[in-house]
Every structure is written in structure tokens, then in C-alpha cells.
Amino acid sequence: QVQLVESGGGLVQPGGSLRLSCAASESTFSINTMAWYRQAPGKQRELVAVIRNSGATNYADSVKGRFTISRDNTKNTMYLQMNSLKPEDTAVYYCNALGSTTIYWGQGTQVTVSS
């Protein structure tokens, strides 16, 4: 059972930056696909960005050019660098990992973009 713990959320002004981290309890070398999702109040959870062991990445159109997903398997950690934040980026951000037979989720970290 892989446990995922997010950190790095908080309150930031529009145009600001935050870096989220997702620490896994076990080695991420064997986890091909990891991702960040987010859920705003009253909305469905949506995919933000995906990264594979190959380094291939995909982003939601709404964050392209502003967010960067990365991972460091030697530290069992995935990151989400968020720049040029907008109020509409306000949400709980969740870490996700696809195991061989199980989907793992973190508990989420709140990101609030407001002046």
C-alpha cells in the first residue's frame, strides 16, 4: 500500500507562485504514471498534469505554460511548480499514482489564490 503525502499549498496572491510536493512511502521507480488533480468547490475533480517514468508529460489546457510537473524517483517525490497563479486555480490539489492494480491518492493540499 503506497501512501502519498502532499505539501506546499497555501495562500498566494494572483500572479504568484507555489511549489507542491508529493512524497511517496515507497519507491516510485516502479510507478509508471503519477499525476496531479485538483477539485474546486462545487466542481468535479479534474486532471492537472501527468508525468511518466519516461519523462513524458501532459497538461490540462488551463495550466499549460504556467505549471510544470516533475518527479525525482531517487527521493520518491513528485512536484508541481505553479507560476502565474490565477484565482481560478484555487482548489484542493491531489497527488495520484497508478500502481499495477491499485490507484493511490493523497489527502490533498489547499491552494488559495486571492488578493
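The values are calculated or read from the model by the stated rules, or taken from the named source; none is laboratory data. Nothing here was measured: the structure is a model prediction, and the numbers come from that model. Using ideal geometry, Cβ is built from the backbone for each residue, glycine included, and neighbour counts are taken over all protein chains shown. Keep in mind that these areas ignore ligands, DNA and RNA; they rest on the heavy atoms of the full protein, side chains included. Shrake-Rupley method; radii C 1.70, N 1.55, O 1.52, S 1.80 Å.
Numbers for the structure displayed
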quantity: Over the stretch 1-43: Rg over Rh, Cα atoms, Kirkwood Rh; calculated: 1.05
quantity: The stretch 3-115, Cα convex hull volume normalised per residue, Å³; calculated: 92 Å³
quantity: The chain, relative contact order [Cα under 8 Å, separation at least 6], %; calculated: 37 percent
quantity: Hits among lysines - C-alpha to C-alpha of K64 under 22 Å, sequence gap 8 or more where chains match; calculated: K43, K86
quantity: Residue-normalised accessible area of the chain, given per residue in Å² at a 1.4 Å probe; calculated: 53 Å²
quantity: The chain - percent of accessible surface contributed by carbon and sulfur, probe 1.4 Å; calculated: 47 percent
quantity: Distance histogram in 5 Å bins (all Cα pairs of the stretch 25-79, percent per bin); calculated: 4, 19, 27, 21, 16, 10, 3, 0
quantity: Peptides 89-99, 38-48, 104-114, 60-70 ordered by average Cβ neighbours within 10 Å, highest first; calculated: 89-99, 104-114, 60-70, 38-48
